[in-house]
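Written out below as structure tokens is the structure these notes cover.
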Amino acid sequence: MASVKAWKYGDPAAPEFSNDFEILKKAVLQVTDIKTNHNKYYGIELHKGTVKGKPTYRVFTHYGRTDDLETNPDAGQKECRHAVTEGEASAIYQVIYAEKTSPKKGYKELALASSKIGSQKARGTSSGELDRKTVQKLAEQNAARGVAPVVKKTNLHPQVQNLIGYIYAEATEALTSTVQAKITAQGIETPLGILTLGQIEKGEEILQDLYTLFKKGSSNRSKMEDLSSQFYTCIPHRIGRSRAALDSAVIATLDDFNTKQETLQLMKDMLQVNGDGGGVLYDSQVDAKYDALKCHVNTLDAGTDEYKRVADHVIKSQLKTKTIKVLNVYTLRRDNEHQVFTGEIANQRLLFHGSRIKNWVGILSRGILLPKIVVSLGVNRTDAGWLGNGIYFGDASCTSAGYTSPGKPGTRFMALANVALGKMKDYTKITYGITAPPDGYHSCHGVRAKPGVTSQFADDEYVIYDSRQQRLDYLVEFKM
């Protein structure tokens, strides 16, 4: 079709158009290309207005570099292309959309619960194909508008309040320092708008494609760069503009996959707690965060027998180091875990599970997940672990402490779980690919090397392959 003049938005010489218009369709597009250092957005809308009693049409576009929107939400160029009929305007829209999403340009349409670019009328509205959960959440938010908030006074113990504020702050900091986003009551807010669960799941699919390529032993750097670009197009990250920063952003190592997978899981966890807790307003923000976890958390007084028993268990179970200092002990109860726990399996033990500070919002809200990609203490494993795809526990607190990381106050966390090990299959050699214990067994045990025992395991590892064989009982805050 013939070239259509693009007027700068607000140009007084442009054809007249009504301020009260209808958006007939719209899309938010994004492209990140590591090879060419592109990180750009493109918003496109089809407007219908009325001038002097007659319908008029235009195609409104808003484009620029995504990085710039973080410091200036109104950054970028805004243009209008006018048309006489809806058919003509729709054709202009389709030509632009097809050009931008062509293999040459590489833009992808995003699914956003709330857009932050485009015309003022488009901002704050959804864009793209939304997943069912996001549609339901938006409907609930619309229904709740105008309803007086429920206000209650917090009954949480001050120490529990501090814990909740601490783990949420660390999760938020970990996410927003990596992903080009911030956490709000609405969800994960990027410079382009609020991400949906469906958009995050698209990122998981791209990451899986990358991992499949990696497992094949492909050394094709170009393909890795292309897929990494697709990943960042889908999930905006803070990459940087230098060539060195772009090169380091390529997802090409097992550690890279583990990091990105953890980031996506963290995003899903934060969406989950925001979604579940966002329908009720409180005078104290910590109550909403606590309720969203759906986990009963109580503090133990240091003078109680239960506190002493747990703290002594942590201290006395150190084998290789003696540096752990217990600061606080919390009891945990996730109702669903207690309901499904396989208590009939014998050989139940209180074992340790350590994790990085950013992960505890997720662990307390949904429990410990079976891993997809695991990297242990800097030693590259396969996509499962040394004894396959299971949930790993230890009986030495110092070993589990090695999987933790400190928060800003310098403290760390590890959980103590009641684990139904039943009959254990002992292993002294690393055995990849296990997805269930052998017939007649309930769990697997990597036996620690010690005098008289030759083994590839430096520490005892206890692995279950059914999450119903464990329940979280305690959370220990410590320094080392």
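Applying the set (1) free of Cβ contacts under 8 Å to residues at least 60 places away in the same chain; (2) surrounded by 21 or more Cβ atoms within 10 Å (Cβ to Cβ) to residue 16 leaves exactly one unmet item: (2). Those strands (runs of 3 or more DSSP E) of segment 159-268 in which 2 or more residues are touching a Gly at 6+ places or on another chain (Cβ under 8 Å) and surrounded by 20 or more Cβ atoms within 10 Å (Cβ to Cβ) occupy 193-195. When residues in segment 4-19 are screened for being among the hydroxyl-bearing types (Ser, Thr, Tyr) and over 20 Å from residue 54 (Cα atoms), 1 of them pass. Listed by position, the strands (runs of 3 or more DSSP E) contained in segment 28-102 that have at least 3 residues being surrounded by 16 or more Cβ atoms within 10 Å (Cβ to Cβ) and modelled with pLDDT under 95 are 38-51.
One residue stands out in segment 411-465 among those that are acidic (Asp, Glu) and either part of a strand (DSSP E or B) or touching a Cys at 6+ places or on another chain (Cβ under 6 Å) (or both): the one that is surrounded by the most Cβ atoms within 10 Å (Cβ to Cβ), namely 461.
Please determine whether any residue of segment 284-306 is on the phi > 0 side of the Ramachandran plot and part of a loop (DSSP other than H, G, I, E, B). Looking through segment 284-306, at least one residue is on the phi > 0 side of the Ramachandran plot and part of a loop (DSSP other than H, G, I, E, B). Is there any pair with a first residue in segment 392-405 that is within 15 Å of residue 475 (Cβ to Cβ) and assigned by TED's automatic domain parsing to the domain that holds residue 430 and a second that is crowded, with 20+ Cβ neighbours inside 10 Å and of a type in the set (D, E, K, R) whose Cβ atoms are under 6 Å apart and which are 6 or more apart or on different chains, and what are they? Listed pairs, sorted by first residue: 404/412. Quick one: in segment 251-269, of everything that is modelled with pLDDT under 85 and over 24 Å from residue 168 (Cα atoms), which residue is farthest from the chain's Cα centre (by Cα)? If we take residues in segment 251-269 being modelled with pLDDT under 85 and over 24 Å from residue 168 (Cα atoms), then 254 is farthest from the chain's Cα centre (by Cα). Residue by residue through segment 1-26, note down the ones that are more than 18 Å from residue 43 (Cα to Cα) and among the aliphatic types (A, V, I, L, M). Once the filter is applied, which keeps residues that are more than 18 Å from residue 43 (Cα to Cα) and among the aliphatic types (A, V, I, L, M), segment 1-26 yields 1, 2, 13, 14. Please tell me if residue 314 is among the β-branched types (Val, Ile, Thr), assigned to a helix (DSSP H, G or I) and either surrounded by 13 or more Cβ atoms within 10 Å (Cβ to Cβ) or assigned by TED's automatic domain parsing to the domain that holds residue 166 (or both). The answer is yes for residue 314. Of the residues in segment 323-346, none is modelled with pLDDT of 95 or more, among the aliphatic types (A, V, I, L, M), in a helix (DSSP H, G or I) and closer than 19 Å to residue 405 by Cα. Beta carbons closer than 8 Å, at least 6 apart along the sequence or on distinct chains, pair a first residue in segment 418-440 that is at pLDDT below 95 with a second that is surrounded by 14 or more Cβ atoms within 10 Å (Cβ to Cβ) and not in a loop (DSSP other than H, G, I, E, B) for 430/446; 430/457; 434/444; 434/463. Scanning segment 317-340 for residues that are closer than 19 Å to residue 419 by Cα and out of contact with any helix residue (DSSP H, G or I) (no Cβ under 6 Å at 6 or more places or on another chain) returns 330, 331, 332, 333, 334, 335, 336, 337, 338, 339. Within segment 1-13, being of a type in the set (A, V, I, L, M, F, W, C), under 20 Å from residue 91 (Cα atoms) and assigned to a loop (DSSP other than H, G, I, E, B) holds for 1, 2, 4, 6.
The values are calculated or read from the model by the stated rules, or taken from the named source; none is laboratory data. Note that the structure is a prediction, hence the values are computed from the model and not measured. Cβ sites come from the backbone with ideal geometry, for glycine too, and all protein chains shown count toward neighbours.
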